[in-house]
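Written out below as structure tokens is the structure these notes cover.
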Amino acid sequence: MIKTTVFAALASAVLFAVPAHADGDAAAGEKVFAKCKACHENEKGVNKVGPTLKGVVGRPAASVPDYKYSEAMLAKGAEGLVWTEENLTAYLPDPKAFVPKTKMAFAGLKKPEDVANVIAYLKAHP
């Protein structure tokens, strides 16, 4: 009985210690995306200063045709990096830490809810 109780307590602790992947709010993400619009677009599939983000979720890194990526981003693409929700969640708060020597000048989205919301927006507009 004591072993069962201890096991249940440990299992509960592990389950609650793992952060849940919360879905963001696409409408709120559209507002956050305004910070990205100076360099990226997400509607027409057209490159600007940065590559189009149309269809970015699930896309291999450095794979947009006719865009001149940094050597660092090309290397990440060659390593097999795919822009999954998890990788975007790690990248967006600090792009230069995730891809050192990237040419993306943006400092990052510091609020986790902004990251989740912009990813929800990008997913909603593939």
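A short reminder: the numbers here are calculations on the coordinates, not readings from a lab. Small disclaimer: the values here were computed from a predicted structure and weren't measured.
Which shape class, rounded, prolate or oblate, goes with segment 33-126 when its Cα gyration tensor gives a ≥ b ≥ c as root eigenvalues, a/c under 1.5 marks rounded, and past that a/b bigger than b/c marks prolate?
Numbers: a/c = 1.34, a/b = 1.12, b/c = 1.19.
Rounded is the answer for segment 33-126, as its axis ratio a/c remains below 1.5.
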Contact order normalised by length for segment 43-126, with contacts defined as Cα pairs under 8 Å and 6 or more residues apart; what percent is it?
31 percent
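Direction-averaged shadow area of the convex hull around the Cα atoms of segment 64-109, nm²? Let's see the in-between values first.
Numbers: hull surface 13.2 nm².
Hull-based average projected area comes out at 3.3 nm².
Would you mind classifying segment 20-80 by shape? Square roots of the alpha carbon gyration tensor eigenvalues, ordered a ≥ b ≥ c; an a/c under 1.5 is rounded, otherwise it is prolate if a/b is larger than b/c and oblate if not. Walk me through the numbers before you get to the answer.
Details: a/c = 2.30, a/b = 1.37, b/c = 1.68.
Oblate is the answer for segment 20-80, as a/c is 1.5 or above yet b/c matches or exceeds a/b.
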Amide H contacts under 5 Å for V82, placed H, 5+ residues apart:
A61
